[in-house]
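Take a look at the structure below.
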Amino acid sequence: MAVSFYVRLVRHGETDANVRRVVESHTPTPLNEVGRRQADALGAAWRAEGVSFHRVLSSDTTRAMETCQRALAAAGRPAAQPQPEPMLRERDVGQMAGLTYDEARRRWGDSQEADHCPAGSELPAAARLRAGRFFDRLVDELAAEGCDGAEVAVFSHAGLLHFLLQQLQQQHRLQLSAALLPAGELHFCHNTGQTRLHGRRGSDGELAISCEFLHRDDHLTGDLAPTVYLMPSLGKIPRDSVGVDKPFEECMAGDA
């Protein structure tokens, strides 16, 4: 069955671990004060936009669910029940969880290949496939429900969303124009940044995906303006300019 749909991808709000450059992964960290205000600002922007979601799915981690619930409440949908989704969790980075990026670098070095990450961690390729399976399952469900034109909100993490966009580029030929990539390459998302995808699946099952906006964060004004702490070496970089896919950085992409 042919279906057209929209998916809005949202990264969780700021946590103290983000500020301290600690690798969170599956750690149940809550939002800090700034993160709560970021989620509220996102919801206020949605209210002004008049957005309405057919479904809301969220990583079941504390920081993602809290972001989701606060944004929905600020958007005027306090009764909306997000669906917890383990497939949207950040990549499991094993022994790196709880360490600062500097500590992880000292322990595993700067030149670790992606397939030589610490024991017990999920490989980047596996995380990309997991993200892709989630998206394909979501499309199947929307088609089965006959929800033509529906929009779905998906709350997740910087690394997992990055992997998802990479997988959609590879698997479904998602095109990201130069206007969407001011840094010249796919970059990481700031806290509560949002990406809106438009998908169309024909009656023949062929799926086409386009990107309406990437990592949009214009709801973050004043003292909520994004600060970069994804990687210690990046320092202060203007919004929408983050991202260098080096082996160690990819190995460390378990939630910044």
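The values are calculated or read from the model by the stated rules, or taken from the named source; none is laboratory data. Just so it is clear, the structure is predicted and the values come from calculations on it, not from any experiment. Cβ sites come from the backbone with ideal geometry, for glycine too, and all protein chains shown count toward neighbours. Ligands, DNA and RNA are excluded from the accessible area calculation, which covers all protein heavy atoms including side chains. Shrake-Rupley method; radii C 1.70, N 1.55, O 1.52, S 1.80 Å.
Taking Glu49, is it surrounded by fewer than 23 Cβ atoms within 10 Å (Cβ to Cβ) and at pLDDT 90 or above?
Details: surrounded by fewer than 23 Cβ atoms within 10 Å (Cβ to Cβ): yes; at pLDDT 90 or above: yes.
When the stated conditions are applied, Glu49 passes them.
Check whether at least one residue in the range 125-139 is outside any helix (DSSP H, G or I) and either open to solvent by 10 Å² or more (accessible area, probe 1.4 Å) or out of contact with any Pro (no Cβ under 7 Å at 6 or more places or on another chain) (or both), and report yes or no.
Taking the range 125-139 first, the residues outside any helix (DSSP H, G or I) are none.
No - not one qualifying residue is present in the range 125-139.
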Note to self: Residues that are out of contact with any strand residue (DSSP E or B) (no Cβ under 6 Å at 6 or more places or on another chain), more than 30 Å from His198 (Cβ to Cβ), modelled with pLDDT of 95 or more and surrounded by fewer than 20 Cβ atoms within 10 Å (Cβ to Cβ): does the range 76-90 have at least one?
What the structure shows: no
Notebook entry, point to check: Can you tell me which residues in the range 32-60 are closer than 14 Å to Leu72 by Cβ and without any contact (Cβ under 8 Å) to a residue 60 or more places away in the chain?
Noted result: Arg36, Asp40, Gly43, Trp46, Arg47, Glu49
Note to self: Given the criteria assigned to a helix (DSSP H, G or I) and basic (Lys, Arg), does Arg200 qualify?
What the structure shows: no
